[in-house]
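Beneath this line is the structure, given in structure tokens, with notes to follow.
The values are calculated or read from the model by the stated rules, or taken from the named source; none is laboratory data. Nothing here was measured: the structure is a model prediction, and the numbers come from that model. Don't worry about glycine lacking a Cβ; one is built from the backbone with ideal geometry, like all the others, and counts go over all protein chains shown. Note: areas computed on protein heavy atoms with side chains; ligands, DNA, RNA excluded. Shrake-Rupley method; radii C 1.70, N 1.55, O 1.52, S 1.80 Å.
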Number of protein chains: 2
Amino acid sequence: MLVAIKFCSNCGASVDVRIPPGEDRERFVCTACQMVHYQNPKLVVGTIVEHEGQLLICRRAIAPRHGYWTLPAGFHELGESTMAGAIRETHEEAGAVVTITAPFAHFDIPHIGQAYVFYRAVFDSLGYHAGPESLEVKLIDPADIPWKELAFDVVRIALELYVEDRKAGANNFHGGSVTVKPGASRDLGYCELSERLTVKLG
Amino acid sequence: MLVAIKFCSNCGASVDVRIPPGEDRERFVCTACQMVHYQNPKLVVGTIVEHEGQLLICRRAIAPRHGYWTLPAGFHELGESTMAGAIRETHEEAGAVVTITAPFAHFDIPHIGQAYVFYRAVFDSLGYHAGPESLEVKLIDPADIPWKELAFDVVRIALELYVEDRKAGANNFHGGSVTVKPGASRDLGYCELSERLTVKLG
């Protein structure tokens, strides 16, 4: 799970993988200055932008999954809140200026050390266009979601739950972990939602 | 906001702070191999463990805020979900084996590059004791929360909202950012909740 590092960012000496005193798991530790280089999961923040029954999707202009469809989302940056990050990414990738209306989901993806936080949002004023990381951006009916051309399992799972909620007239917040389906090849990217926690929003 | 690094963890050369091509903000970039060293906010995961109207709090045995009271919480580790991390921290710090019952809050703290995710939980079987990072652990009535001896503003804010919900008989999920109060000295740690997003759980 650790991302390989070779040198200490503090003193430039080589690092070892070992369990630091008082801890219970392996970390990269400097062989000279003893600094422990912690690694933690990264948050990805994004939106489901809703407009007159439709929602906003983007086709990726970058790797990984170039050409596949996704929701506007990207890495949470230092100095911003997750809501501010979700709004920023929606502007950068989809050229849309939006306001957050509700939390939608927190999905952990333990096997890749990421977690996705999605918010529901609406346009401040209707408008969108492909940013530099998108080939195309469009508003679509839920019935027209390109299920076979989605970029990531976490996006498919978010959209499946969103469509399910819409059909049921429900307004839910979803928690859970996106995990590799037992028996599935990890190369297939075939994941399912475990530790599922659905809470109805009043 | 960036945490200072001096050497490239990939090749050991020195790093510069600059805006990489195609990006919009400063990063540490290696002067030799050009690797960009991204830094992102870290998640802290914790619980509000409820038992017969009481809740579980811990007195810190470690810096920062040694001797002050907090909720069981700690850094989200690679390879686990936030729920699994919150359960792990509750076991490590409070010796309690718990099950998550509901999401309670997602609080960003942009000025320190952290976000806290709290879940509500119950004991699998009643039992708790101080782990190595705690001086003392106890179940208390909400009326007995030691407001003046709490370790962190984010914990105070979580507990204030929890007590408010309890009084109103409400079951809410809370979002927002813990930000330095305008005019307050940052040294005082005097923060408030902005971008507040309260959603009633059904």
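Annotations for the structure displayed:
- Whether segment A:1-43 is rounded, prolate or oblate, judged on the alpha carbon gyration tensor where a/c under 1.5 counts as rounded: oblate
- Value of D in µm² per second that Stokes-Einstein yields for segment A:125-202, Kirkwood Rh from Cα pairs, at 25 °C (0.890 mPa s): 166
- Mean ellipticity per residue at 222 nm, deg cm²/dmol - from DSSP H runs of n ≥ 4 across chain A, formula -39500 (n - 2.57): -4500 deg cm²/dmol
- For chain A, averaging the sequence separation of C-alpha pairs within contact (under 8 Å, six or more residues apart) and dividing by the residue count gives a relative contact order of 18 percent.
- Anisotropy class of segment A:47-87 from Cα gyration tensor, a/c 1.5 cut: oblate
- Cleavage-rule hits (GluC sites (Glu not before Pro)) in segment A:1-56: DSSP loop, at most 14 neighbouring Cβ within 10 angstrom: A:GLU23, A:GLU26, A:GLU52
- Measuring spread by the Cα atoms of segment A:64-166 yields a radius of gyration and Dmax of 13.3, 38 Å.
- Carbon plus sulfur fraction of accessible area for segment B:1-139, probe 1.4 Å, in percent: 54
- Across the protein assembly as shown, Cα-Cα pairs more than 37 Å apart make up 24 percent of the total.
- In this structure segment A:87-202 gives 46 Å² per residue of accessible area when probed at 1.4 Å with all protein chains present.
- Copy-to-copy label separations for B:THR99, where each label sits 7 Å from Cα toward Cβ, in nm and ascending: 4.1
- Relative to the longest principal axis of the Cα atoms of chain B, the long axis of helix B:82-94 lies at roughly 60 degrees.
- In plain terms, the C-alpha convex hull of segment A:3-106 casts an average shadow of 9.6 nm² when viewed from every direction.
- Interface burial in segment A:1-16 reaches 50 Å² or more for A:PHE7, A:SER9, comparing the full protein assembly with the chain by itself; accessible area from heavy atoms with a 1.4 Å probe.
- Seen from a random direction on average, the alpha-carbon convex hull of chain B projects onto 14.0 square nanometres.
- Annotation: the antiparallel percentage among DSSP beta bridges lying fully within the protein assembly as shown is about 75.
- Degrees between helix A:153-168 axis and first principal axis of chain A (Cα, 0 to 90, nearest 10): 40
- Equivalent ellipsoid dimensions for segment B:62-116 as semi-axes, Å, which come from the Cα gyration tensor, largest first: 18, 17, 11
- Projected area, mean over directions - segment A:21-66, Cα convex hull, nm²: 6.9
- Selection from B:VAL137, B:ASN172, A:GLY74, by position along the positive dipole direction of the protein assembly as shown (Cβ): A:GLY74
- For the pair A:LYS181 and A:LEU126, a Förster radius of 35 Å applied to the C-beta separation gives a FRET efficiency near 0.35, rounded to the nearest 0.05.
- Once C-alpha pairs closer than 8 Å and six or more residues apart are averaged by separation and normalised to the residue number of segment A:57-162, the relative contact order reads 31 percent.
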